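The structure appears right after this line, and notes come after that.
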Amino acid sequence: MQNIAFLLLRRLRAPLIVLICVYSISMLGFVLIPGMDDQGQPWDMDFFHAFYFVSFMGSTIGFGEIPYPFTDGQRMWATVTIYSSVVAWLFAIGSMLAIVQDPAFRTLHRQNRFRRSISRLSTPFYLICGYGETSSLLIRALSEAGIRSVVIESNQERLNALELEDYPIPVPGLCADVSLPEILILGGIKHKNCIGCVALTDRDPINLKVALSSKLLNPSLKVIARAETEDAELNIASFGTDEIINPFATFAGRLALALHSPSMFVLFEWMTGVPNEPLCKPLYPPHGTWILCGYGRFGKAVHEKLRAEGVSATIIEEKPEMTEAPQGTVVGRGTEASTLLEANIGEAVGIVAGTDDDSNNLSIVMTARELNPSLFIVARKNSRANAAIFQAARANLTMQRGSVIAHKIFALITTPLLAEFLRLAIKENNAWAEALIKRVSAIADDVAPQIWTVIINDKDAPAFNRALASGSQPSIKALYVHPRYREKSLPIFPLLLKRKDSEILLPDETTPLAQDDQLLLCGQHDIRSQMEWVLNNDEVFHYIHTGEERAQGWLWQKFVAKKANRNK
Amino acid sequence: MNLEKVVFAFFILLALTLNFGFFLGDIDVPHHHSVYELFAAIVVSLIATILKFGDRTHLGALLLATSLVADLQLILAAVVWAFAEHITGTGMTPAVMAVIVSLSGGALLANITSVLLLVAETMTVRS
């Protein structure tokens, strides 16, 4: 570890030595030059008075000629020392300021401050590499759930945005090249409280390097990486990265889901909601021909998904040669009426304004609505800063890539079992999703439901585990019986039961539990703490199981036992 | 030959020799001990300290520590001198001189350690 104090001292060697030399020569001069006291007797200055005089003269305080008025010889020497001490001081102060301004010194200082704040972290945290729209949403969601995060970003301007953002928990940030392993170590990748690393920079090679280094430096870490191309995706997957997110495919997939099976879309949005988020309402997009504006990375992914779903789409693209748009593409931006009319907007049922420019997207939305008021409009929002105007544009569905990705990562981080649930759920049909949505809305209070995992073991559910060990056979339903009124249930239901290698989607409530079962539960926001009573407290468990309240204290137990004996 | 090493060794040795020169003589006889020599010893000792700044090796840290001890002892001796001469008004008595010289004797020990460390370092590098 580099020590700032030592660096400072080493750079200050020359000015300090100059200062000491000037002072000592000045003092010696005053001691040697003959003086005179107030009676005109010869008087030599001693070291004590010389040190006093040089000290106040050197610092330009200037108390005058002390203790007796100087002789001409002394005055001449004082003139010399005044100039030399001022120059020595200027040199010393100038060097000190130069060191403090030095970029290398400042970087060192920032790194040291960052290292200190990391080493002080005493709660689990995630290391997030790259700070942008997605990261900021993710960090906000994490900090609202009480999980800390640490950010490393190579662009100072973006990092300034982090400092201005007002998160509930302070987020330490460092401007450094994250592809260097030592920077990852500085960011706490080997810290005992580091639970995961999220590589969210916008360059695949860097994400690959971060994922690889994290897995090597700390194999127990959960690593989530972003990859834009399939090639990078496969590469990152090859060394055991836990989750890989392709932002364009994920976002396009979610959009296609919204068009094809709206209930499933709503279900996904609800399940991956962040704390305190209002629930979105189900939408019912019409079936027919769609218009897709923009055929970039996002447009391509959407087109592919739409084709897979059997939806036909007309593409509008400004530069069809560069983006290799298919035959029948209308050339233009889509912001002007003529292009939209050429794409036969009168016959279309919906339009996706999916360019990477927010102004163009808004313009497409406005023009399209004028030409065909009954259109179902989907707008892609690129920057969160434009949220207000997108809200005013009243598109039927506004989607932001950053938010979709951030929600997905948040869900993966906080409830690992949710990923498996969603993977199974996507295979079901829309009607299944609709039925499930009804169940969820019956328990949720207009805010996103809470999804969490319970494992039947000594740590998560000690009361249940002990009961199972002693031979009783509680069912899933017993998990969320109301802890005070056993005939009632808490607003919770199971989404997924994982037992060894088998997974049961929406298990029956009467299924008996076994040890080490993993359950994904969905419940009203904030209801979880009530359920913890049943999981942890033997007495509460006994009450909900048998309906009798057991005596708890030693004295009362004796009393009850005696009473029972007498009654026999 | 390295000029930096020459300057470094020069100041460390000079600090020791000046200190020894001041220490030499009967402990309670004021005219055996020159005030100029004490002054020179303090200045050279301070310069030697600054030359040792910023060396992050273990030996560098030890050298800096011995130098700081020598500075402390010598400055304390100078303060005692100024106190006796100007503040309490007792003047230079044998008792005060004994205190000053014994303080400089402590500094002498620290300076000897410094030189020994320097010699030891040179031996390990240049043998």
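Just so you know, all these numbers are worked out from the coordinates, no wet-lab data involved. Since we're looking at a predicted model, the values are computed, not measured. Please note: Cβ atoms are built from the backbone with ideal geometry, for glycine as well, and neighbour counts cover all protein chains shown.
Note on the range A:422-480: percent of Cα-Cα distances in each 5 Å bin, starting at 0 and stopping at the bin with the largest distance, equals 4, 13, 16, 17, 15, 14, 13, 6, 1.
A Stokes-Einstein calculation at 37 °C with viscosity 0.692 mPa s, built on the Kirkwood radius of the protein assembly as shown over Cα pairs, returns a diffusion coefficient of 99 µm²/s. When the Cα atoms of the range A:449-546 are aligned to their principal axes, the ranges along those axes come out at 32, 31, 23 Å in descending order. Calculated on the alpha-carbon coordinates, the convex hull of chain B measures out at 98 cubic angstrom per residue. Residues whose amide H lies under 5 Å from that of A:Ala313, counting only those 5 or more places away or on a different chain, are A:Trp290; hydrogens are built 1.01 Å from N in the peptide plane.
Overall shape: prolate for the range A:313-421, with the ratio a/c of the largest to smallest alpha carbon gyration tensor axis at 1.5 or above and a/b above b/c.
The aspartates and glutamates whose alpha-carbon is closer than 16 Å to the alpha-carbon of A:Lys459, local same-chain residues fewer than 8 away aside, are A:Asp516, A:Asp517, A:Glu532, A:Asp538.
Note that the range A:490-496 has calculated 3J(HN,Hα) couplings of 6, x, 9, 9, x, 9, 8 Hz, one per residue in order, obtained from phi through the Karplus relation 6.51 cos²θ - 1.76 cosθ + 1.60 (θ = phi - 60°); glycine and proline are x. Rounded to two decimal places and with Rh computed the Kirkwood way over Cα pairs, what is Rg over Rh for the range A:4-101? Answer for the range A:4-101: 1.09. Each residue of the range A:439-450 is assigned a 3J(HN,Hα), and the resulting list reads 5, 5, 5, 5, 9, 7, 9, 6, 10, 3, x, 8 Hz, derived from the Karplus form 6.51 cos²θ - 1.76 cosθ + 1.60 (θ = phi - 60°), x at Gly and Pro. In plain terms, if you count all Cα to Cα distances in the range A:158-243 and split them into 5 Å steps from zero, the share in each step is 3, 14, 24, 23, 19, 12, 5, 1 percent.
Quick one: net charge of A:Lys222's neighbours, Cβ under 12 Å, K/R +1, D/E -1? Here the count lands on -1. In this rough spin-label picture, where each label sits 7 Å from Cα along the Cβ direction, the A:Glu509-A:Lys438 distance is 1.6 nm. Once the chain from A:Asp526 to A:Cys21 is taken as fully extended at 0.36 nm per residue, the excess over their C-alpha distance is 174.6 nm. The trypsin sites (Lys or Arg not before Pro) of the range A:63-155 that meet both conditions, a loop assignment by DSSP and at most 12 other Cβ atoms within 10 Å of the site Cβ, are A:Arg120.
Using just its DSSP H runs of length 4 or more, each adding -39500 (n - 2.57), chain A gives a mean residue ellipticity at 222 nm of -15500 deg cm²/dmol after division by all residues. Annotation: amide H of A:Ser475 within the under-5 Å range of A:Leu513, sequence separation 5 or more or interchain, hydrogens built in the peptide plane.
The distance from the alpha carbon centre of the range A:503-568 to that of the range A:99-135 is 47 Å, rounded to a whole number. For peptide A:22-29, the mean count of partner chain Cβ atoms within 10 Å of a residue's Cβ comes to 2.
Between A:Leu108 and B:Leu76, the simple spin-label model (points 7 angstrom out along Cα→Cβ) gives 3.3 nm. Averaged over the residues of peptide B:46-57, the number of Cβ atoms from other protein chains lying within 10 Å of each residue's Cβ is 5. For a modelled paramagnetic label at B:Ala65, 7 Å from Cα along Cα-to-Cβ, the residues of the range B:15-55 in reach, with backbone nitrogen under 18 Å, are B:49-50, B:52-55. Here the 3J(HN,Hα) profile of the range A:453-467, calculated from phi with Karplus coefficients 6.51, -1.76 and 1.60 at θ = phi - 60°, is 10, 10, 10, 7, 9, 5, 7, 7, 9, x, 5, 5, 5, 5, 5 Hz, Gly and Pro shown as x.
Restricting the range A:161-261 to trypsin sites (Lys or Arg not before Pro) that sit in a DSSP loop and have at most 15 other Cβ atoms within 10 Å of their own Cβ leaves A:Lys190, A:Lys192, A:Arg203. When the GluC sites (Glu not before Pro) in the range A:146-206 are filtered for DSSP coil states and for at most 14 other beta-carbon atoms within 10 Å of their beta-carbon, the remaining sites are A:Glu165. For the pair A:Ala337 and B:Phe10, label points projected 7 Å from Cα toward Cβ lie 9.2 nm apart.
Residues whose amide H falls under 5 Å from that of A:Phe376, counting only those 5 or more places apart or on a different chain, are A:Gly350, A:Ile351, with hydrogens built in the peptide plane. If the segment from A:Arg486 to A:Gln327 were pulled out straight at 0.36 nm per residue, it would be longer than the present Cα-Cα gap by 50.7 nm.
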